[in-house]
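The values are calculated or read from the model by the stated rules, or taken from the named source; none is laboratory data. On a predicted model such as this, the values are computed, not experimentally measured, just so you know. We place every Cβ from the backbone using ideal geometry, glycine too, and count neighbours over all the protein chains shown. Keep in mind that these areas ignore ligands, DNA and RNA; they rest on the heavy atoms of the full protein, side chains included. Shrake-Rupley method; radii C 1.70, N 1.55, O 1.52, S 1.80 Å.
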Amino acid sequence: MPSPVASHSLRLSVASGIATMTIDNEARRNAIDFATWRAFPQVMATLGADDNVRVVIIRGAGDVAFTAGADIGEFGSLRASPEGGRAYEAANLAAFEAVAACPKPVLALIRVFCLGGGLGIALACDLRIAADDAVFAIPAARLGVGYPPAGMGMIVAAIGAAAAKDLIFTARRIEAAEALTLGLVQKVVPAGDIERAAAGLAETIAVNAPLTIRAAKAAVATAAGLPGAGTPNDLQALADACFASADYAEGCAAFLGKRSPQFTGR
């Protein structure tokens, strides 16, 4: 598929229904500049609308970091004034919300640093798988940054209110084992196994019924107050579409025939 990327720091590839979005800025630990923040909504909307994409993986380039967060080189220019700071935070939040609202399952593959806005991107994903060398932090309180309230909602949805307060108030770094205990990540594997483990999880999801997953994601978002939520009528329509689909007929036939189903998303 043609790349919809609007920033040199985002790369896309698609294979076997799995799209991989790579934050590519290794020299700066995959820090995200303003142009890249602004590119996220366009890219996620394109992936969400592409019938060839079943699952999205977000990762950092190489093995240096998922992302160390916002590019601090822009703090003295774009974020130097209150107005600039608010505009920058608005771009951050739009990126978080675009990831969270994508109708496809989105997985974060996390190596080494997952900090600040980078952790915001990871928390906007549906599932997070981390290498055992990963470290996490939200240093807003060390920078005087007001964390976006909607972004805070994603943190609370993932780990609960008290743990969210701990991370924000202390600005401390936590390692992968503690992140797993908190529920911030769903799985921790040795660094050498992270690629295979993330691919395996994506493949497991990709073979399942896309309409069922879409309906479930919208229902969970609604229950948790997250982006991608719908009205009761919206949610019922998504569930009804599953029963009216060719995939429902295929799933039943495969179950009765004791074979693996071949879902088409229709």
Evaluate segment 172-183: report whether one residue or more is modelled with pLDDT under 95 and basic (K, R). no
Across segment 29-45, what is the total count of residues that are part of a helix (DSSP H, G or I), open to solvent by 30 Å² or more (accessible area, probe 1.4 Å) and touching a strand residue (DSSP E or B) at 6+ places or on another chain (Cβ under 9 Å)? 1
Counting only residues in segment 8-28 that are small (G, A, S) and within 20 Å of G116 (Cα to Cα), the one least open to solvent (accessible area, probe 1.4 Å) is identified as S9
Touching a residue at least 40 places away in the same chain (Cβ under 8 Å), part of a helix (DSSP H, G or I) and either closer than 22 Å to A157 by Cα or under 26 Å from the mean Cα position of the chain (by Cα) (or both): is that true of L201 in this structure? yes
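Restricting attention to segment 218-266, which residues are part of a helix (DSSP H, G or I), within 30 Å of P41 (Cα to Cα) and touching a Lys or Arg at 6+ places or on another chain (Cβ under 8 Å)?
Residues of segment 218-266 that are part of a helix (DSSP H, G or I), as a first pass: 218-224, 232-243, 246-256.
Still in the list and also within 30 Å of P41 (Cα to Cα): 218-224, 232-242, 247.
Hits for segment 218-266 are L238, D247.
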Hey, does segment 68-83 have a residue that's open to solvent by less than 20 Å² (accessible area, probe 1.4 Å), at pLDDT 80 or above and not hydrophobic (A, V, I, L, M, F, W, C)? yes
Note down all Cβ pairs under 6 Å where the first residue falls in segment 7-27 and is without any contact (Cβ under 8 Å) to a residue 24 or more places away in the chain, the second is open to solvent by less than 40 Å² (accessible area, probe 1.4 Å), and they're at least six residues apart or on different chains. S13/T20
All-but-one check, V99 against (1) outside any helix (DSSP H, G or I); (2) at pLDDT 95 or above, failing number (1)
